[in-house]
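**Student:** Quick one: the structure is below, questions incoming.
Since every read-out is calculated from the coordinates, none of them should be taken as a lab result. All values derive from a computational prediction rather than experimental measurement. Cβ: placed from backbone, ideal geometry, glycine included. Neighbour counts: every protein chain shown.
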Amino acid sequence: MEENQRSSFTGKLGFVLSAAGASVGLGNIWRFPYLAAKYGGGAFLLVYIILALTFGYTMIVAETAIGRSSQKSPVSAFRYYSNSPFAKAGGWINAIVPMLICPYYSVIGGWVCKYLYAFLTTDMNTITTDTFFTDFITNGWTTELWFCVFVALNLVIIYMGVENGIERVSRIMMPILLILAIVIGVYTITRPGAMQGVVYFLVPHIENFSWMTVVSAMGQMFYSLSIAMGILITFGSYMKKEVSIEDSTGQVEFFDTLIAILAGMMIIPAVFAFSGDDAAQSLKAGPSLMFVTMPKIFASMGFGRLIGILFFTLVLFAALTSSIALTESAVSTLVDEFGWNRVKGTTIMAVVMIGLGTLSCLGYGPLAFITILGMPFLDFFDFLTNSVMMPIAALAICLLVTKSMGLKRLEQEVEADGHPFRRKKIFNVMIRYIAPVFVLIILLSSVASAFGWISM
């Protein structure tokens with residue numbers, strides 16, 4: 001694809017809302033509150049914010065600058081700066097990550113669609129039974145149906161293109177998502193007993209603080225800021241030169257952190273109001289917190305069905321904005337590398353999504369007897385991408401900037417058109433010395449945790 005034919009966002013708002021939409025996903029809705037509750041509440045929040053302003057900032061700026069300067073998706077962007085085998089491998093790892101995440105992520109998106117439909121049409125007593133979620137995910141063909149519904153929603157937007165699809169949808173969905181998060185958050189913290197959850201979430205608990213607080217907050221950076229998924233390189237290639245990379249990065253950081261905190265304010269106080277003394281245990285439920293615990297909480301509230309509908313609408317929007325970004329990154333790679341047009345690239349990615357996603361759909365039901373390293377398909381794809389490939393992809397980005405692109409060239413890209421680079425010193429220290437160490441720590445700790453060698 002020639003540079004002058006490349007799609008682009010209309011301006012800074014389009015990039016910021018699309019990048020923020022990529023960042024605000026399912027991990028923010030359930031994973032952030034769970035980690036904050038487990039690792040010191042306000043202490044975790046403080047560590048997370050510091051890391052977002054340093055480590056997260058560095059990776060966002062680096063990926064966006066690589067994309068805009070090269071006007072390419074990950075593979076071509078890496079090759080633009082280096083022809084070494086290591087650079088080529090780094091580019092392909094960044095490109096393959098979204099191709100592997102998007103199928104299983106869409107399976108979970110299908111679960112969200114199912115629950116939104118259930119809250120619209122099904123008796124609340126049925127939704128809140130202990131077996132409703134398990135019966136659903138083990139019935140592989142029903143799961144497949146809702147997975148296909150979510151994929152269809154995703155692909156329609158991708159077929160529409162960058163400006164008419166991704167940017168337009170993000171401009172609509174992100175403000176609605178923010179409003180819904182505020183409405184639900186205000187409602188939940190006014191429930192009896194909920195303020196105890198607010199205190200638990202916001203006040204530092206030093207007795208729960210440890211080195212794992214820092215490691216877990218670093219790991220959450222990948223989920224929260226879409227680091228090392230090829231997304232920011234791709235979106236950077238759609239960014240116009242007159243848009244400030246640093247200012248846009250600051251706004252993405254702000255929006256992502258705001259939504260993460262609002263997610264905590266939605267979920268943790270609600271769990272405390274419902275579970276009382278058992279709240280801490282309920283918060284450790286992980287994904288089932290969203291699909292088992294939260295429906296029971298809504299059923300116990302006044303206007304529970306309405307709150308459930310609003311909540312799963314919010315979660316659906318969050319899942320869609322993230323999956324759109326993942327799919328777009330994959331499609332951009334296919335278009336750049338194989339010379340296909342957008343329609344063909346999207347169609348090929350649709351086949352990949354359906355194929356790999358079907359394995360994840362059926363992995364808890366008809367294909368439950370097949371496991372990889374003792375994991376069902378969905379869990380394995382999650383482990384492979386999040387615990388192994390993404391840290392390696394992030395390390396490749398650090399090395400590309402410092403060894404091939406050069407810090408001077410990156411600075412020129414950030415400062416193009418007279419824009420500021422206020423945190424230049426922080427960036428240079430982080431990208432050279434600290435970020436690579438952080439990435440290696442995340443890689444080793446994630447793998448060790450997955451194999452049960454340490455507890456995170």
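**Student:** Go through region 212-306 and name the trypsin sites (Lys or Arg not before Pro) that are in a DSSP coil and have 13 or fewer other Cβ atoms within 10 Å of their Cβ.
**Tutor:** Within region 212-306, the qualifying trypsin sites (Lys or Arg not before Pro) (loop, at most 13 other Cβ atoms within 10 Å) are Lys241.
**Student:** What is the Cα centroid distance between region 225-261 and region 20-40, reported in whole angstrom?
**Tutor:** So the separation of the two Cα centres works out to 17 Å.
**Student:** Still on this model: Quick one: P(r) of region 77-118 from all Cα-Cα pairs, 10 Å bins, percents rounded to integers, in order of increasing distance.
**Tutor:** 27, 27, 20, 16, 9, 1
**Student:** Another question about this same structure. Quick one: the Cα spread of region 381-437 along its three principal axes, in angstroms, biggest first?
**Tutor:** That gives 43, 22, 20 Å along the principal axes, largest extent first.
**Student:** Using a/c under 1.5 as the rounded threshold, could you call region 1-117 rounded, prolate or oblate? The axes a ≥ b ≥ c are square roots of the C-alpha gyration tensor eigenvalues, and prolate needs a/b larger than b/c, oblate otherwise.
**Tutor:** Since a/c reaches 1.5 and a/b is larger than b/c, the shape of region 1-117 is classed as prolate.
**Student:** Grab every C-alpha pair in the chain, bin the distances at 20 angstrom width from 0 up to the longest one, and report whole percents.
**Tutor:** 26, 60, 14, 0
**Student:** Here's a follow-up. Starting from the Cα gyration tensor of region 46-108, multiply each eigenvalue by 5, take the square root, and state the resulting semi-axes largest first in whole Å.
**Tutor:** 23, 20, 10
**Student:** Ok, one more. Within the chain, what's the longest run with no GluC sites (Glu not before Pro) in a DSSP loop and at most 13 other beta-carbon atoms within 10 Å? Give the range, please.
**Tutor:** The reported range is 3-241.
**Student:** Turning to a different aspect of this structure: Rounded to the nearest angstrom and ordered from largest down, what semi-axes does the equivalent ellipsoid of region 59-191 get from its C-alpha gyration tensor (root of 5λ)?
**Tutor:** They are 37, 21, 15 Å, listed from largest to smallest.
**Student:** Going through region 349-456, which trypsin sites (Lys or Arg not before Pro) have at most 12 other Cβ atoms within 10 Å and a DSSP loop state?
**Tutor:** Arg422
**Student:** What pairs in Lys403/Lys425; Lys38/Lys424; Lys88/Lys408; Lys88/Lys344; Lys241/Lys403 have C-alpha atoms more than 27 Å from each other?
**Tutor:** Exceeds cut-off: Lys38/Lys424.
**Student:** Can you tell me the 0 to 90 degree angle between the C-alpha axis of helix 85-121 and the longest principal axis of the chain, rounded to 10?
**Tutor:** For helix 85-121, the angle is close to 30 degrees.
**Student:** Next question, about the same structure. Quick one: if you take sqrt(5λ) for each eigenvalue of the C-alpha gyration tensor of region 334-456, what semi-axes come out, biggest first, whole angstrom?
**Tutor:** So the equivalent ellipsoid measures 36, 25, 10 Å along its semi-axes.
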